[in-house]
Each structure stands twice: as C-alpha cells, then as structure tokens.
Amino acid sequence: MRFLLIEPSTVASIDLECILEDLGHTVTAVAVSKRRARQEWRRHRGAIDAAILNAEVANVSARPLIDALNRRGISCAVANAGEKPFTPARVAEMVQRLRAV
C-alpha cells in the first residue's frame with residue numbers, strides 16, 4: 001500500500017515510515033498538519049491508498065480531512081499517543097484494518 005502519514009513528530013514519522021517499508025509498503029508523503037496533508041494528497045493524487053493520522057491531529061476538527069480523504073478512496077487510521085513508539089505488530093494490525101475498508 002502507498003501511505004500518507006500525518007504526524008507532527010519527526011521521530012514518530014520516521015519510525016512509522018521505517019516499519020511500513022519493512023512491511024513492504026511505501027510512504028508517498030508525510031505531513032505535519034492537516035493543512036499540509038491536504039496539500040500532499042493533492043500533489044500525489046492517485047498515488048496514496050491510505051493515511052495514518054496522529055490522534056493529536058485527528059481531533060474533531062480533522063473530520064473534514066478524514067471525510068475528504070475517504071471520498072477520494074483513501075482509507076484512514078488514527079494512531080493515539082498510547083501506541084507510540086510504534087511496533088511492527090501494531091502497524092501491521094493497522095494496515096490489515098485499512099485493507100479491510
């Protein structure tokens with residue numbers, strides 16, 4: 001799968017990107033904010049299958065972003081702070097849920 005990561009922490013996004021790549025996936029773009037995420041999915045139109053959002057970014061006001069991504073066929077998963085640091089098993093579980101959508 002090809003991912004858009006929406007994560008304000010550079011360390012966490014690098015960690016998540018490495019795990020996704022180890023699992024055979026591609027990270028197409030990384031965004032640190034909702035505004036930047038919109039720019040990235042427009043820039044990479046057709047090259048993103050799913051998005052993983054940080055729970056701090058994915059609050060109630062992120063609903064329009066999630067809805068916009070979903071309308072374009074991009075499945076979304078929200079990762080909360082309790083899931084950091086990311087583990088390969090947890091990331092693989094998120095990917096499986098995204099594939100099922």
(message) Condition first: surrounded by fewer than 19 Cβ atoms within 10 Å (Cβ to Cβ), closer than 12 Å to residue 3 by Cα and over 13 Å from the mean Cα position of the chain (by Cα). Can you find one or more residues in segment 78-85 that meet it?
(response) no
(message) I want to confirm something. Restricting to segment 46-61 and keeping residues that are at pLDDT below 90 and closer than 22 Å to residue 100 by Cα, which single residue is surrounded by the fewest Cβ atoms within 10 Å (Cβ to Cβ)?
(response) 55
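Quick one: in segment 1-37, which of the residues that are of a type in the set (Lys, Arg) and more than 12 Å from the chain's Cα centre (by Cα) is surrounded by the fewest Cβ atoms within 10 Å (Cβ to Cβ)?
Result: 35.
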(request) Would you please list the contacts, defined by Cβ atoms under 7 Å and residues six or more apart or on different chains, that run from a residue in segment 74-101 that is more than 18 Å from residue 62 (Cβ to Cβ) and in contact (Cβ under 8 Å) with a residue 40 or more places away in the chain to a residue that is surrounded by 18 or more Cβ atoms within 10 Å (Cβ to Cβ) and β-branched (Val, Ile, Thr)? (result) 86/19; 88/19; 91/19
(request) Among what's in segment 5-52 and is touching a Lys or Arg at 6+ places or on another chain (Cβ under 7 Å) and of a type in the set (Ser, Thr, Tyr), pick the residue that is farthest from residue 70 (Cα to Cα). (result) 26
(message) Given the options 55, 51, 47, name the one that is touching an Asp or Glu at 6+ places or on another chain (Cβ under 9 Å) and within 15 Å of residue 76 (Cα to Cα).
(response) 55
(message) I'd like to verify a number: residues in segment 63-72 that are touching a residue at least 24 places away in the same chain (Cβ under 8 Å) and surrounded by fewer than 20 Cβ atoms within 10 Å (Cβ to Cβ), how many?
(response) 2
(message) I'm checking my understanding of the structure. Among residues of segment 38-50 that are touching a residue at least 40 places away in the same chain (Cβ under 8 Å) and within 12 Å of the chain's Cα centre (by Cα), which one is nearest to residue 83 (Cα to Cα)?
(response) 50
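The values are calculated or read from the model by the stated rules, or taken from the named source; none is laboratory data. None of the values given here were measured: they were computed from a predicted structure. As a convention, Cβ positions derive from the backbone with ideal geometry for all residues, glycine included, and neighbour counts pool all protein chains shown.
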